[in-house]
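Visitor: Take this structure, written in structure tokens, and hold onto it; I'll ask about it next.
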Amino acid sequence: MERLFQLNFPRYVFRLRVDAAPPQIWDGVRKRWLVLTPEEWVRQHLIRFLVEEKGAFAACVSQERPVELAGTRQRADVTVTGRDGRICLVAECKAPHVPLDERVLAQAERYNSVLEAPFILVTNGLRHVCCRRDAESGRYCPTAEFPDLSPFFRV
């Protein structure tokens, strides 16, 4: 990887194998080395942020969750499941050079049409768009910031 982007997240220390071919990053959730792509760099930052800053339990974070849409198997990049077993957040991660446009948001909305989380999030690491789903209308309303996920983990 030519260089690692400084993203719009707090600075985190990651275990990296930069002299490996291809370079790798340690995924603390899945407990394995992954190829360090720009999208994976964003995903690992998002997961750390959700756990360390927004109250998610690391054990409740899933990556590449299968989603069946119109007979095709797709995967949601990151999902967070609350204590009650329901998914509370669906996130789609893109590489920093990928603009967050309506297609990216629509992708997260399609996944959430099956997963039914109250929050969806799209990020390219530089820009983040988070929306809350209105349970009655099914419409998505942008939120000013990332949701506090800690209420989903209270007893």
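Visitor: Only one of Arg110, Arg83 is modelled with pLDDT under 95, assigned to a loop (DSSP other than H, G, I, E, B) and surrounded by 12 or more Cβ atoms within 10 Å (Cβ to Cβ). Can you tell me which?
Guide: Matching residue, one of Arg110, Arg83: Arg83.
Visitor: Condition first: in contact (Cβ under 8 Å) with a residue 40 or more places away in the chain and either within 17 Å of Ala56 (Cα to Cα) or small (Gly, Ala, Ser) (or both). Can you find one or more residues in the stretch 124-137 that meet it? Please lay out each step first, then the result.
Guide: Within the stretch 124-137, the subset in contact (Cβ under 8 Å) with a residue 40 or more places away in the chain is 124-128.
Now narrow it down to the ones that are either within 17 Å of Ala56 (Cα to Cα) or small (Gly, Ala, Ser) (or both): 125.
Yes, the conditions are met somewhere in the stretch 124-137.
Visitor: Out of (1) surrounded by 13 or more Cβ atoms within 10 Å (Cβ to Cβ); (2) basic (Lys, Arg); (3) closer than 23 Å to His128 by Cα, the odd one out for Arg11 is which?
Guide: Arg11 satisfies all of (1) surrounded by 13 or more Cβ atoms within 10 Å (Cβ to Cβ); (2) basic (Lys, Arg); (3) closer than 23 Å to His128 by Cα except (1).
Visitor: Here is a list of conditions, (1) among the hydrophobic types (A, V, I, L, M, F, W, C); (2) closer than 18 Å to Lys94 by Cα; (3) assigned to a loop (DSSP other than H, G, I, E, B), and Val29 meets all of them except one; can you say which number that is?
Guide: (2) is the only condition that Val29 fails.
Visitor: Report yes if Asp134 is among the acidic types (Asp, Glu), open to solvent by 10 Å² or more (accessible area, probe 1.4 Å), over 23 Å from Gln24 (Cβ atoms) and touching a helix residue (DSSP H, G or I) at 6+ places or on another chain (Cβ under 8 Å), otherwise no.
Guide: Taking the combined requirement at face value, the residue does not satisfy it.
Visitor: Does Ala95 satisfy the criteria of being open to solvent by less than 50 Å² (accessible area, probe 1.4 Å), closer than 14 Å to Arg43 by Cα and touching a residue at least 40 places away in the same chain (Cβ under 8 Å)?
Guide: Answer is yes for this residue.
The values are calculated or read from the model by the stated rules, or taken from the named source; none is laboratory data. Predicted model only: the values in this text are computed from it and were never measured. Neighbour counts run over all protein chains shown; Cβ positions are idealised from the backbone, glycine included. Heavy atoms of the whole protein, side chains included, go into the accessibility calculation; ligands, DNA and RNA do not. Shrake-Rupley method; radii C 1.70, N 1.55, O 1.52, S 1.80 Å.
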